[in-house]
1. Being at pLDDT below 90 and among the charged types (D, E, K, R), is that true of even one residue in the range 26-34?
2. Considering the range 222-245 alone, what residues qualify as being open to solvent by less than 50 Å² (accessible area, probe 1.4 Å) and part of a helix (DSSP H, G or I)?
3. Checking the structure you have, find out if any residue of the range 166-184 is farther than 18 Å from HIS109 by Cβ, open to solvent by less than 50 Å² (accessible area, probe 1.4 Å) and modelled with pLDDT of 95 or more.
4. Can you list residue pairs whose Cβ atoms sit under 8 Å apart, with the first residue in the range 1-27 being farther than 14 Å from LEU76 by Cα and the second being in a helix (DSSP H, G or I) and basic (Lys, Arg)? Count only pairs 6 or more apart in sequence or on different chains.
Amino acid sequence: RDVILAAGALNPILRCLEANPESVTLHRNGAWCLSSLVEGRYSGSNSSSSNNDGPGGSGSSSKKYSPLNEINIINLLPTLKRMLHMEDAEVLTYTCWTLSHLCDGPSAHIAAVIYSEAAIASFKSSKTKALGIHAMSPEAGLVPRLVELLVHPCPKVAKPALRTIGNIVCAECSDQQSQDSPFPIVDYTEIILECEAVPQLRQLVEHQNREIQKEACWTLSNIAAGTTSQIQSVIDSGAIPPLVELVNN
């Protein structure tokens with residue numbers, strides 16, 4: 001994998017996908033390929049404000065990666081955003097897993113997922129930094145679509161969407177990028193709350209799929225480990241009764 005990335009294969013893969021937007025088969029293979037290229041790459045590198053690393057997680061750090069085979073998430077965003085709005089369940093599954101793996105990495109990756117590539121592009125233009133920050137809105141990023149996919153009828157889509165949201169929530173808010181970063185410093189959990197993910201998470205607590213139940217409980221536990229208002233959002237969602245029922249069972 002590292003040899004492939006170091007050889008510069010990522011950009012040709014993206015160009016191939018962009019040149020054939022109607023090919024579902026190609027996008028299934030492409031989404032799987034992108035997911036495989038980033039899987040496990042950043043596992044354990046994301047600083048967590050919670051006391052756990054995910055359901056069943058070991059918290060072990062992966063090997064260090066070098067600049068030669070580093071992944072430029074800015075280049076990935078347009079393709080990932082387009083695939084995230086496709087209807088094919090297999091494409092959605094691997095696209096969500098790709099985002100999940102990326103959000104298990106540096107804080108800059110999470111910020112890039114939260115904000116749209118259009119906002120990122122504004123920083124590369126002649127606009128001032130202040131105007132760029134003001135123009136940025138999570139509503140134009142990928143989180144609203146990920147929240148929609150939490151209740152996708154296919155569990156194979158819902159689970160990686162849920163894991164991505166969970167990775168964003170558990171990221172350490174103080175683990176911010178440098179002063180030269182184009183992204184504003186924010187509380188990632190607040191972004192998830194603003195996108196109204198908590199009511200969806202409450203639904204998933206009662207999901208028939210046990211793994212999805214566990215992921216939903218993990219994510220809610222990290223939200224409840226936050227501020228008073230974040231704790232209140234979990235309570236207001238009605239999640240406590242089904243959580244108590246799970247404990248009793």
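1. Filtering the range 26-34 down to residues at pLDDT below 90 leaves none.
No, there is no match, as no residue in the range 26-34 is at pLDDT below 90 and among the charged types (D, E, K, R).
2. Pass one, the range 222-245, residues open to solvent by less than 50 Å² (accessible area, probe 1.4 Å): 222-224, 226, 230, 233-234, 237-239, 242-243.
Across the range 222-245, the qualifying residues are ASN222, ILE223, ALA224, GLN230, SER233, VAL234, PRO242, LEU243.
3. No.
4. Sorted first by the residue in the range 1-27, then by its partner, the pairs are PRO21/ARG82.
Residue-by-condition table, conditions (1) touching a Ser or Thr at 6+ places or on another chain (Cβ under 6 Å); (2) surrounded by 17 or more Cβ atoms within 10 Å (Cβ to Cβ):
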{"residue": "ARG1", "(1), (2)": "no, no"}
{"residue": "ALA7", "(1), (2)": "no, no"}
{"residue": "LEU10", "(1), (2)": "no, yes"}
{"residue": "LEU17", "(1), (2)": "yes, yes"}
{"residue": "ASN20", "(1), (2)": "no, no"}
{"residue": "LEU26", "(1), (2)": "no, no"}
{"residue": "GLY30", "(1), (2)": "no, yes"}
{"residue": "LEU34", "(1), (2)": "yes, yes"}
{"residue": "GLU39", "(1), (2)": "no, no"}
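Residue-by-condition table, conditions (1) at pLDDT 50 or above; (2) small (Gly, Ala, Ser); (3) open to solvent by 70 Å² or more (accessible area, probe 1.4 Å):
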residue	(1), (2), (3)
ASN51	no, no, yes
LYS64	yes, no, yes
PRO106	yes, no, no
TYR115	yes, no, no
SER125	yes, yes, no
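The values are calculated or read from the model by the stated rules, or taken from the named source; none is laboratory data. As the structure is a prediction and not an experimental result, all values here were calculated from the model. Cβ atoms come from the backbone with ideal geometry, glycine included; neighbour counts cover every protein chain shown. Ligands, DNA and RNA are excluded from the accessible area calculation, which covers all protein heavy atoms including side chains. Shrake-Rupley method; radii C 1.70, N 1.55, O 1.52, S 1.80 Å.
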